[in-house]
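Scroll down for the structure; my scribbles are underneath it.
The values are calculated or read from the model by the stated rules, or taken from the named source; none is laboratory data. Note that the coordinates shown come from a computational prediction; the quantities given were computed from them, not determined experimentally. Here Cβ is always computed from backbone atoms with ideal geometry, including for glycine, and neighbour counts include all displayed protein chains.
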């Protein structure tokens with residue numbers, strides 16, 4: 001099940017490097033790489049934690065079937081939460 005809201009950690013600094021993202025977690029001094037749609041998802045969640053809105057934008061922009069998108073986003077969010085880069089509602 002997908003969360004309603006996803007808040008990115010205030011300790012995470014994100015930089016978009018021409019379609020690839022790098023996240024520096026200030027709390028752990030660790031770097032994380034983000035690719036493709038993950039970069040766009042990060043940008044959307046940084047503006048608004050409402051995941052349904054982010055999914056609507058991603059579905060339009062990437063022209064992907066909703067079930068596949070939701071599965072991929074759920075995996076990505078689980079990785080963010082596990083790394084301490086996000087919290088969910």
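Summary table
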quantity: Counted residues, the range 30-89 - those being closer than 16 Å to residue 10 by Cα and free of Cβ contacts under 8 Å to residues at least 24 places away in the same chain; calculated: 6
quantity: Single residue of 80, 45, 58, 85 found to be closer than 28 Å to residue 30 by Cβ and over 10 Å from the mean Cα position of the chain (by Cα); calculated: 58
quantity: Test: residue in the range 40-54 that is touching a helix residue (DSSP H, G or I) at 6+ places or on another chain (Cβ under 8 Å) and modelled with pLDDT under 95; calculated: no
